[in-house]
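Below is one structure, written out as structure tokens; comments come after it.
The values are calculated or read from the model by the stated rules, or taken from the named source; none is laboratory data. This is a predicted model, so every value here is computed, not measured. Virtual Cβ from ideal backbone geometry, glycine too; neighbours counted across all protein chains shown.
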Amino acid sequence: MSVNCADALSYVVTGPAEEAAAWVGREVTSQAPFPVNEAQIAYFCALVEDADENYWDNEAATTRYGALISPPGMLMVWAFPLPWNPRQKPEHAPVLALEVPLPGTSLINVSTDSRFFAPMRVGDRLVYTERVESISGQKRTTLGVGHFVSTRSECRNQHGVLVATNENVLFRYTVGAGGTPQRRSGPAEQPGAEPVEVLPEVRMPVTVTRCVLDAAATRDFFRGHHDQAYANEQGARDVYLNTMFFHGLVDRVGKAWAGPQAWLAHRQLQMIAPVCAGDTLRTDGRVLAVDQHDTVQTATVAVDCHTEQGPAARSLLTFNLDGLRNPTPTV
């Protein structure tokens, strides 16, 4: 087993696939390096151009939640460690799947399935427990040959309240040994019925500057997002946007329709193709259903993302339209 230390930001552990099986069920617990804070929230919202008042207006957010809150798209952001500090290297990688000993040193996120139960308020200290759920056998895709690693994390605040869960699938692979693609499951296929409402399209040019802001706003310095040569080695046309960008963008589109009082309860996201510098990103949002369950009104919203190259990501969002019931009080 060896750690790829080509640069100070690399945490990828390599080893024979036979060693990986022992990692199924292994879990780690770590505290976010910083409290939820207003500055990082502002950078993230600037990245996806999200004007939701709960992230900018202290009075409005305090009325609903007791403080300004973090966008749900930042769930993974708060867990990212500093790449260096004067005391020691971070104990764990930003994503546990990087520590699993596997032959492939290239990686790409495939899908996420996130549920949200309580707000992430400014000042909260979040604690994450992440577990390896499964590791696939060797798979051959258009990217290369490798393994899908599925993990599940739970996020709790300083009071032990469960804030959110996230199931993540990441592909660890060796570049260049491609073959027949093997598609991973993502959000459920959309119903064939006409949507309740078609949402306004969002168009966003993807510039190198936006990719740099993406790294700063998410603290994700994986080389594919800022190093053109590395991105090319992975088969991408240029540096590309990360998963957390898409979390923020699809949430913005759905929440703009649902309103500032609505609560995002569930998001499924499937990554389809990289969105690179030079592309123009556009969204296709549709309200699929609005339902009443006892006293709770919910809505199901699909938001797909496209570029000139074709489909890039698809998502399915579930909102509680009347807001979060009995949000946990501040202490």
Response to the item:
Checked the range 40-58 for anything surrounded by 14 or more Cβ atoms within 10 Å (Cβ to Cβ) and closer than 13 Å to residue 73 by Cβ; matches are 40, 41, 43, 44, 45, 47, 48, 50, 52, 54, 55
Fill in: Count of residues meeting criterion [more than 15 Å from the chain's Cα centre (by Cα), crowded, with 17+ Cβ neighbours inside 10 Å and farther than 20 Å from residue 142 by Cα] in the range 211-227
4
Worksheet item: Checking residue 30 against (1) buried (at least 22 other Cβ atoms within 10 Å of the Cβ); (2) touching a Ser or Thr at 6+ places or on another chain (Cβ under 9 Å), which single condition isn't satisfied?
Response: (1)
Practice prompt. Look at residue 34 and say whether it is of a type outside the set (A, V, I, L, M), out of contact with any Gly (no Cβ under 6 Å at 6 or more places or on another chain) and within 25 Å of residue 270 (Cα to Cα).
Written response: no
Fill in: Hey, residue 322 more than 22 Å from the chain's Cα centre (by Cα), free of Cβ contacts under 8 Å to residues at least 24 places away in the same chain and closer than 27 Å to residue 65 by Cα or not
no
Worksheet item: Out of all the residues in the range 117-148, which are part of a loop (DSSP other than H, G, I, E, B), in contact with a helix residue (DSSP H, G or I) (Cβ under 8 Å, 6 or more places away or on another chain) and β-branched (Val, Ile, Thr)?
Response: 122
Discussion item. Can you tell me which condition residue 237 does not meet? The list is (1) within 21 Å of the chain's Cα centre (by Cα); (2) in a loop (DSSP other than H, G, I, E, B), and all the others hold.
Written reply: (1)
Discussion item. Which condition from (1) part of a loop (DSSP other than H, G, I, E, B); (2) more than 21 Å from the chain's Cα centre (by Cα); (3) modelled with pLDDT of 95 or more is the one that residue 88 breaks?
Written reply: (3)
